[in-house]
Structure formats: structure tokens, C-alpha cells
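In what follows, a single structure is set out as C-alpha cells and then discussed.
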Amino acid sequence: MLDGYQRDFPPVSRPFLQLANDSPDDWNEAELIGQLQQARRLGVLSRLGCIFAPNTVGSSTLAALAVPPERLESVASFVSSHVEVNHNYLRAHHFNLWFVVAAETAAEVAQVLSRIYLATGLKPLNLPLLREYHVDLGFSFLPDGDQSRSKSPPPPSLMLNWRERRLVSALSTGLSLMERPYQQLGRKPAAGKRTMCCNGWRTGKNRA
């Protein structure tokens with residue numbers, strides 16, 4: 001079931017009901033949600049949600065710092081304290097702290113890197129995306145599944161209004177594993193019901 005819905009997750013009011021109905025394994029909605037909840041509790045499933053192509057809804061860059069070992073903990077903590085920073089991790093290299101900065105504009109990304117430089121005295125290595133190589137995150141769950149994926153054309157960049165930005169923010173944690181996850185998403189402080197109805201899911205395949 002999971003293998004078949006890594007793409008085109010249904011933007012309907014009860015998506016897990018549709019998944020259960022489409023499954024050849026006689027799932028019902030409650031059983032399917034229960035299995036997904038258990039998988040998340042066990043750490044098998046971390047998040048069920050959308051992925052946005054780089055630099056299509058805002059701006060981002062990969063950055064790295066060469067941090068002295070005795071300063072790693074404090075510098076890593078400071079870097080991670082920025083809401084624009086994610087995927088902050090350690091590597092066995094001269095540039096040993098690697099992180100992603102994502103913000104609404106390239107200027108805001110540059111401001112974050114400047115703040116880190118001024119506060120730490122360590123100049124970030126800025127590695128913005130210049131050429132995209134197609135790395136598909138949808139790998140088959142099945143032992144004999146097809147691992148090859150066709151390359152899709154690059155999506156256009158979107159200029160989001162404030163409602164759409166709130167929706168993207170609410171989507172960052174993924175969908176709730178419940179009967180009506182989109183309704184729950186619309187109740188989050190970062191996304192209103194009007195946003196969900198008018199902007200978020202009308203073009204579900206491309207926007208979500």
C-alpha cells in the first residue's frame with residue numbers, strides 16, 4: 001500500500017479511507033491508520049507528508065562550518081537555534097558541521113549565514129544549488145520492486161502569498177494520522193481553513 005502512494009497521495013477529505021479501499025489486502029480505514037500509528041511509534045515511519053523541490057517555495061542553501069572540536073557543542077547549538085536551519089549534522093571532515101538554511105528569499109538566507117559568521121567568527125561555506133540532479137526519494141518498499149524512476153521536468157518557482165506560506169509551514173511536520181488529516185491541518189495556528197480550501201489542495205498533485 002505504501003509503495004503505491006509515494007506519489008499522488010489523495011487530496012480528498014478522508015485519504016486513508018481511499019487508500020484502504022484501493023488496497024488489495026482488505027484493509028479498512030481504522031486498521032490502516034492504526035498500522036501507520038504503530039509504525040510511527042516504533043520509529044519505522046517518521047513523517048507522512050509532502051516534499052517540495054529545492055528553491056521552488058522560497059530559497060535555500062547547503063552550508064558548512066569548520067568548527068574546532070572544543071567548540072562543536074556550543075556552535076552546533078547556536079546554529080540549530082535559528083528557525084531557518086534544519087538538517088544540522090556532524091561530518092568527519094575539515095568542514096565538520098553541515099546544515100541547510102531555508103528562508104523566503106535569498107537575501108534572508110544570506111542574513112542567517114552572516115549572523116552565524118558574526119556570532120561565531122567562523123565563515124560558513126555557502127553551497128547553493130547550481131544544477132539539480134534528479135534524486136528521487138521514492139524507493140520501492142518491495143524486494144522485487146522497480147527502483148528506477150522517470151525524471152520529471154523541474155517545477156516552476158512559486159511566489160507564495162502569506163496564506164500559502166502559512167500552509168507550507170503547517171505542512172512541515174506532516175499530516176496527522178487520523179480520518180480527516182486535512183481538516184486537522186486547517187486547524188493548526190499556521191494554516192486557516194480558508195487557506196486549505198482556496199490555496200492548498202486545489203491542485204493537489206503539484207502543490208502538495
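Near LEU97: Cβ cut-off under 14 Å, other residues only, Lys/Arg at +1 and Asp/Glu at -1. The net charge is +1.
Across the stretch 65-72, computed HN-Hα scalar couplings (Karplus, 6.51 cos²θ - 1.76 cosθ + 1.60, θ = phi - 60°) run 10, 9, 9, x, x, 6, 10, 4 Hz from first to last residue, x flagging Gly and Pro. Solvent exposure of the stretch 76-125, expressed per residue, is 60 Å² of accessible area, with all protein chains present and a 1.4 angstrom probe. When the stretch 1-141 is described by a simple charge dipole with +1 on each Lys and Arg Cβ and -1 on each Asp and Glu Cβ, the residue from SER114, ASN86, THR56 located farthest towards its positive end is SER114.
When the alpha carbon gyration tensor of the stretch 1-85 is reduced to an equivalent ellipsoid, the three semi-axes, largest first, read 39, 18, 10 Å. For the stretch 1-142, the carbon plus sulfur part of the accessible surface works out to 56%, probe radius 1.4 Å. For the listed peptides 179-186, 96-103, 118-125, a ranking on the average number of other beta carbons within 10 Å per residue, highest first, reads 96-103, 179-186, 118-125. For LEU90 and ARG115, a Förster radius of 22 Å and the Cβ-Cβ distance give a FRET efficiency of 0.55, rounded to the nearest 0.05.
Backbone amide hydrogens, once placed in the peptide plane, bring SER59 within less than 5 Å of ALA103, GLU104, THR105, excluding anything fewer than 5 places away on its chain.
The values are calculated or read from the model by the stated rules, or taken from the named source; none is laboratory data. None of the values given here were measured: they were computed from a predicted structure. Cβ coordinates were reconstructed from backbone atoms using ideal geometry, including for glycine residues, and neighbour counts include every protein chain displayed. Only protein heavy atoms, including side chains, enter the accessible area calculation; ligands, DNA and RNA are left aside. Shrake-Rupley method; radii C 1.70, N 1.55, O 1.52, S 1.80 Å.
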